[in-house]
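Structure record follows, encoded as structure tokens.
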Amino acid sequence: MFCYQCEQTAKGSGCTVGGVCGKNPQVAALQDMLTYAVIGLGQVAHAARQKGVIDPEVDRFVCAGLFATLTNVDFDPDRFVVWIGQAVALRKALAQKAGVGPLPGPASFEPAADVAGLEAQSKIWGFAPLEGQDPDARSLIHLTIFGLRGVAAYADHAAILGQEDPELYAQIHAALAATQDTTLGAAELTALALKVGEINLRAMELLDAGNTGRFGHPVPTSVPLGHKAGKAILVSGHDLEDLAQLLEQSAGKGIFVYTHGEMLPTHGYPELKKHPHFYGHYGTAWQNQGKEFPEFPGAILMTTNCIQRPKGDTGEKIFTTGLVGWPGVPHIAEGPGGKKDFGPVIEKALALPGFAADEDKGSVMVGFARNAVLGVADKIIEAVKSGAIKHFFLVAGCDGAKPGRNYYTEFVEKTPADTVVLTLACGKFRFFDKNLGDIGGIPRLLDVGQCNDAYSAIQIAVALAGAFNCGVNDLPLSMVLSWYEQKACAILLTLLHLGIKGIRLGPSLPAFISPNVLKVLVDNFDIKPISASADEDLKAILG
Ligand code: FS2
Ligand code: SF4
């Protein structure tokens, strides 16, 4: 196997014997071949669009197929075999319907009949370096594909909530097809990667419309970190629709529902927080589930990434749904009209002991998405003008297990009292429960939401730039980002597409960025790795 798509890749260069994430060589090979098959489907969908033929099933499948290969989403080999077959069948049917002639590369892929054959095919068409390959072209093509995995995740989430745009799908297909265009040089491939950032902005905008349209704009909300005596369900991942359906089905049964990881910000949505049994937040970020899940006395539902190998008794009480999967873990499938029956999760919660007594462990505030923050824009602008707020930091991104990630805790702890920290995604668990106080009633630590809410942070930055009549780069705002998986790649490409400069990125740089590609990014965007010391970076930023 060869996989280097995420930040924890082995030795900072590539997982070759087994994934640090728990992905085995067989699943890695199947994910490679699903990606290859989906690129082929994208090539044909792109050609079909030139002939005016659009297939909504293909559009949705391309996104789901790419999302399934995102880090920590699906580890179930059986499902990948089915999807590879579906991708090829959809491609052939669409080519015939649109009259698309034979196309080269993935568009003419014939999958092997068995898993061993697919594994052999992945050695040719997977991500491993090949003899004679140009390292910079390879780097840019892989950056594009990994970025598209992130875009696909957002587009899939948005589609679940009824937000779709045929033009977005057209651009995804076009970008997939472009990865196979051998005539493109370094400049065109760089432009292609940045185009992914532009495409991603639209995908995130659709998801924002889906989440806020269905569940309302998040409002500042205090979320208990303790628990109530009673039966319990823990919901992790990112999918709000799954949570909404589970809340409806578990109401009035003596069960309290808790969030884990990236689900924390969902407590701020009016249409979710209206449920009295939607109680609080349990635990921290995804990489701590090995310890936190066995200690949870109820059922657990994983709606999306990041799932890890179930430890202790977790395997007996965890369920997956949507694209997330782990071999042997019961999966709640989608029924007609997108409805899911979470009965097995509820029954499991009722059979488990639950929490014996109430426990108060304090609380955290969530709900500072674009509507809430811009609702007090006048106050914020006034505080900047009077000098009460001297600087904003966006300390955002993924969490992970590396000790170097303590940098982010230290960074936030050391930000001066006249600065405000905006945060989003699971990296916030490094500091989410710190009391940073407030500046004239504006909390110094503002949780904008999930990694899926990066659009909200971008809108806040753009609105502030508008209010001060300057560009985002001219604002007293510094972005200190942590990355782990491919949604973070897509967001980073969006920030670069928007011309944002001076981003600090850590805890390490992507293994798939070649030295020459990195130089282009540094020269054009002044992107830099975080240093070993938060003090040093704070000093450099604040002068
Ligand atoms: Fe965190 Fe994991 Fe959110 Fe990423 S829960 S690192 O895939 O999606 O951010
Ligand atoms: Fe390794 Fe990350 Fe790939 Fe998993 S997703 S196999 S940890 S590079």
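The values are calculated or read from the model by the stated rules, or taken from the named source; none is laboratory data. The structure displayed is predicted, hence computed values, not measured ones. As a convention, Cβ positions derive from the backbone with ideal geometry for all residues, glycine included, and neighbour counts pool all protein chains shown. When the accessible area is computed, the model is the full protein with side chains, heavy atoms only, and any ligands, DNA or RNA have been set aside. Shrake-Rupley method; radii C 1.70, N 1.55, O 1.52, S 1.80 Å.
Provide the solvent-accessible area of R149, counting protein heavy atoms only and rolling a 1.4 Å probe, rounded to the nearest 10 Å².
For R149, the solvent-accessible surface is approximately 10 Å².
If you plug each phi of the stretch 147-156 into the Karplus form 6.51 cos²θ - 1.76 cosθ + 1.60 with θ = phi - 60°, what whole-Hz ³J(HN,Hα) values come out, in order, with x for Gly and Pro?
Rounded to whole hertz, the list is x, 5, 4, x, 4, 4, 4, 5, 5, 5.
So if we plug the beta-carbon distance of A229 and N288 into 1/(1 + (r/R0)^6) with R0 = 30 Å, what FRET efficiency do we get, rounded to 0.05?
Details: r = 24 Å, r/R0 = 0.80.
It comes to 0.80.
Would you kindly compute the Cα radius of gyration of the stretch 82-199 and its largest Cα-Cα separation (Dmax), both in Å?
Reported Rg and Dmax, both Å: 15.6, 45.
What accessible area per residue, rounded to a whole number of Å², is obtained for the stretch 111-164 using a probe radius of 1.4 Å? Don't skip to the answer; put the middle values down first.
Details: 2190 Å² over 54 residues.
With the other protein chains kept in place, the stretch 111-164 gives 41 Å² per residue.
What FRET efficiency would be calculated for the residue pair N371, R60, taking the C-beta separation as r and a Förster radius of 22 Å, to the nearest 0.05? Could you put the intermediate results ahead of the total?
Numbers: r = 29 Å, r/R0 = 1.30.
Working from the Cβ atoms, E equals 0.15.
If I model a spin label at A10 and E316 as a point 7 Å from the Cα along the Cα→Cβ vector, what separation in nanometres do I get?
Roughly 3.3 nm, to one decimal.
Quick one: pull the percent of accessible area on the chain belonging to carbon and sulfur, 1.4 Å probe, ligands and nucleic acids left out. Provide the component values of the computation, followed by the final result.
Working: 11000 of 20120 Å².
That share works out to 55 percent.
Taking the convex hull of the Cα atoms, report for the chain its projected area averaged over all directions, in nm². Don't skip to the answer; put the middle values down first.
Working: hull surface 95.6 nm².
Reported value for the Cα convex hull: 23.9 nm².
In debye, nearest 20: dipole of the chain around its Cα centre with unit charges on the Cβ of K, R (+) and D, E (-)?
On the way: 45 positive and 56 negative charges, 55 e Å.
Computed charge dipole of the chain: roughly 260 debye.
Rolling a 1.4 angstrom probe over the protein chains, ignoring ligands and nucleic acids, what is the accessible area of T303 in square angstrom, nearest 10?
Counting only protein heavy atoms, the figure is 0 Å².
Across bins of 5 angstrom width beginning at 0, how are the C-alpha pair distances of the stretch 10-214 distributed, in whole percent?
Histogramming the stretch 10-214 at 5 Å steps yields 1, 8, 16, 19, 21, 18, 11, 5, 1, 0, 0 percent.
Please report the spacing between the Cα centers of the stretch 171-200 and the stretch 69-142 in Å, no decimals.
A separation of 18 Å, based on Cα centres.
Sum -39500 (n - 2.57) across every DSSP H segment of at least 4 residues in the chain, then divide by the residue count to get the 222 nm mean residue ellipticity, nearest 500. Mind dumping the intermediate values first?
Numbers: 18 runs with 242 residues, N = 543.
Computed ellipticity for the chain at 222 nm equals -14000 deg cm²/dmol.
Treating only the Cβ atoms of Lys and Arg (+1) and Asp and Glu (-1) as charged, compute the dipole magnitude of the stretch 221-351 about its Cα centre; round to the nearest 20 debye.
Details: 12 positive and 13 negative charges, 59 e Å.
My answer is approximately 280 debye.
State, to one decimal in nm, how far the label point of D134 lies from the label point of D526, with both points 7 Å from Cα in the Cβ direction.
Spacing of the two 7 Å Cα→Cβ label points: 3.0 nm.
Report the one residue of I84, M302, G65 whose Cα lies farthest in the direction of the positive end of the charge dipole of the chain (charges on C-beta: Lys and Arg +1, Asp and Glu -1; origin at the Cα centre).
M302
Of Q133, A467, A229, whose Cα points farthest to the positive end of the dipole of the chain (charges on the beta-carbon: +1 Lys, Arg; -1 Asp, Glu; origin at the Cα centre)?
Projecting each Cα onto the dipole axis, the largest value belongs to A229.
Taking a point 7 angstrom from the Cα of K253 along the C-beta vector, which residues in the stretch 331-350 have backbone N less than 17 Å away?
Taking a point 7 Å out along Cα→Cβ of K253, the residues of the stretch 331-350 whose backbone N falls under 17 Å are 331-335, 339-350.
Could you give the accessible area per residue of the stretch 221-351, probe 1.4 Å, as a whole number in Å²?
Details: 4300 Å² over 131 residues.
Ligands and nucleic acids excluded, the figure is 33 Å² per residue.
So if each residue of separation counts as 0.36 nm, and I subtract the Cα-Cα distance between A209 and R309, what length gain in nm does that give? Provide the component values of the computation, followed by the final result.
Values: separation 100, 0.36 × 100 = 36.00 nm, distance 3.33 nm.
Length gained between A209 and R309: 32.7 nm.
Short version: ³J(HN,Hα) in whole Hz for each residue of the stretch 292-309, in order, from phi by Karplus 6.51 cos²θ - 1.76 cosθ + 1.60 (θ = phi - 60°), x for Gly and Pro, what are they?
Running phi through 6.51 cos²θ - 1.76 cosθ + 1.60 with θ = phi - 60° gives 6, 5, x, 7, 7, x, x, 7, 10, 10, 9, 8, 7, 3, 10, 9, 10, 3 Hz.
Going through the cross-link list K23/K434; K92/K340; K274/K402; K23/K428; K390/K434; K274/K317, which pairs have a Cα-Cα distance over 28 Å in this structure? Let's see the in-between values first.
Numbers: K23/K434 34 Å; K92/K340 31 Å; K274/K402 37 Å; K23/K428 25 Å; K390/K434 20 Å; K274/K317 26 Å.
Too far apart for the 28 Å limit: K23/K434; K92/K340; K274/K402.
For the stretch 37-44, in order, what is each residue's ³J(HN,Hα) by Karplus, 6.51 cos²θ - 1.76 cosθ + 1.60 with θ = phi - 60°, in whole Hz (x at glycine and Pro)?
In residue order, the calculated couplings are 5, 5, 4, x, 5, x, 4, 5 Hz.
Calculate the FRET efficiency for A357 and S222 from the Cβ-Cβ distance with a Förster distance of 30 Å, rounded to the nearest 0.05.
On the way: r = 21 Å, r/R0 = 0.70.
Computed FRET efficiency for A357 and S222 comes out at 0.90.
What distance in nm separates the simple spin-label points at H275 and A112, each placed 7 Å from Cα in the Cβ direction?
Result: 4.4 nm between the two label points.
Probe of 1.4 angstrom, ligands and nucleic acids ignored: what's the accessible area per residue over the stretch 372-460, in square angstrom? Could you put the intermediate results ahead of the total?
Details: 3060 Å² over 89 residues.
Ligands and nucleic acids excluded, the result is 34 Å² per residue.
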